[in-house]
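For reference, the structure discussed in these notes is given below.
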Amino acid sequence: MLEKTGVPAASDLENVMPSEERLNRGPVAVIECFQNIPCNPCYTACSRNAIKEFEDINDLPNIDHEACNGCSLCVSKCPGLAIMIMDMTYSEQEALIKIPYEFLPLPKENDLVKGLDREGKPVCEAKVIKVMNPKSFDKTPILSIAVKKEFAKIVRNIGMGDEDGR
Amino acid sequence: MKPAEVLIIGGGPAGLCAAISAAELGCKVLLADRNKKLGGQLVKQTHMFFGSEKQYASVRGIDIAGILLSKVENNENVEILSDTTILGIYEDGVVTADQSGNYFKIRPDAIIVATGASEKTLAFPYNDLPGVYGAGAVQTLMNEYGVKPGNRVVMLGAGNIGLIVSYQLMQAGVEVAAIVDASPKIGGYLVHASKIRRMGVPIYTGHTVKEAHGTETLKGVTIWQLDDKWNPIEGTEKRFDVDVMCISVGLTPLSELLWQAGCEMKYVNELGGFVPVRNEDLETSVKGIFVAGDVSGVEEASSAMVEGFLAGLSAANYLGYTIYNINEKKNDLHQQLNALRSGPVGEKIRKGISELIFSSEAAVSKEI
């Protein structure tokens, strides 16, 4: 599935998703990296040793979700843009997702945009809570978006409402 | 005739790193590149690199070019010849060159060939229409010259270049209608594929182009599905109205100078075509001629940089220069290369290289 279409299967995602119990305790990084490629900046970016040292640089990232506090340092460092932060405690109804977003124009805070799934299909409304683009992110801005909780595991991109819906 | 200790041909990631490490050993380096600006393909790589810190992982290619360039510019051991095409390497060791229209000769004591690779193309009806580009050409247009190549694109090839250029096209505001690859699986890194998919771009694996359409310029592309024996299936055609088609079906080493110099060459499909036989320190069968980067086998830029550092050490060492920890440095570089190639995505590279290496003693046929 993934290697034919570029879209991870449910079984792929199960392997990397933090436990429900952990998700319900606050922000945590989800690393959607499923292929053994030579790459380890997520480990070097992590200041809490939640992402463990790679024995072999081709290993998949090994993250201890208990040690991760969702600080998002790794998000803009991942060359594959494969790391997102999920915070299920954001509000009663909504989860906060932090995603890397390298497109212009950047949305503005409080903009209402479309939440897109892993195939780029619009699935829900999303509200832009914060746009972070400091120099240290090196041109990989991070957007914080709020979506209804049931879409927190589904939304991985935003659409700005161009004519083609993206 | 211009004398030189080490002549490095090509100022991309491999050539720049070779210059840095040879100069560090005290060797005088002449670094020639046919472009006005050095950096090779790095200057248009706006994405972050993979690998580890030693290969500048997480840094964008264009910024890596800046880092490497700052180490060769104002380096008293490095002389840069930009806008200089190396025309030939002759049997008496003389190298001919053309700098901005001026022809001259160089007599180097050692040579590192780091000329890179060029894009392969594909035969299909009307592939000569304006609007059909190599993906690398489109990347140059966009990222180097700031020219938008068109409005809507079909990308042929889902290797890393096809995926990365598709993403960069979208960043430039160009719509990517589809990515098409004849192989049943995506060849590039899946994280690249996933980030394009979540922009809504479909990837058609197991499909290829049937024909392009248009009279004056490209107006559309028809693709069709392949069966498990790679034969097209009638009735599966899909047409896309696009004004640009990018071809990204792999690279082949730019090895003409090595052929002319008499280096033993071998056809290794996994490495992109004819590549030079060499020892583990990157010396070819012609003594004093070393190779680094894509010309010695098409790979990622991270490995090209490590090979560059290694070839620079080897060439300087061949000329009698050394440093107290040279063996340590070499071991570290070998370990980096092994690590970069050791995973499943390096399998082809490992197989290819295993066909090429000869051991150092048996190596040497003639001197330059």
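Assorted remarks:
- Among residues of segment B:313-332 that are part of a helix (DSSP H, G or I), those with a Cβ under 6 angstrom from a residue that is of a type in the set (Ser, Thr, Tyr), sequence gap 6+ or separate chain, pair up as B:Leu313/B:Ser21.
- Wholly within segment B:111-230, strands (runs of 3 or more DSSP E) carrying at least 3 residues that are buried (at least 22 other Cβ atoms within 10 Å of the Cβ) and free of Cβ contacts under 8 Å to residues at least 40 places away in the same chain: B:175-181
- Residue within segment A:84-95 that is under 22 Å from A:Gly115 (Cα atoms) and either touching a His at 6+ places or on another chain (Cβ under 6 Å) or within 14 Å of another protein chain (Cβ to nearest Cβ) (or both) present: yes
- Looking only at segment B:91-106, and only at residues there that are outside any strand (DSSP E or B) and in contact (Cβ under 8 Å) with a residue 12 or more places away in the chain, the one that is farthest from B:Gly10 (Cα to Cα): B:Glu91
- Qualifying residues in segment A:129-153 (those that are closer than 24 Å to B:Glu175 by Cα and crowded, with 17+ Cβ neighbours inside 10 Å) - the one nearest to the other protein chains (Cβ to nearest Cβ): A:Thr140
- Tally of residues being more than 14 Å from chain A (Cβ to nearest Cβ) and surrounded by fewer than 19 Cβ atoms within 10 Å (Cβ to Cβ) across segment B:29-68: 4
- Among residues that are touching a His at 6+ places or on another chain (Cβ under 9 Å) and among the charged types (D, E, K, R), A:Arg22 is included.
Taken together, the values in this text are just the output of simple stated rules run on the coordinates, not laboratory data. These numbers were taken from a predicted model, which means no experiment stands behind them. All Cβ positions, glycine included, derive from the backbone under ideal geometry; neighbour counts span all protein chains shown.
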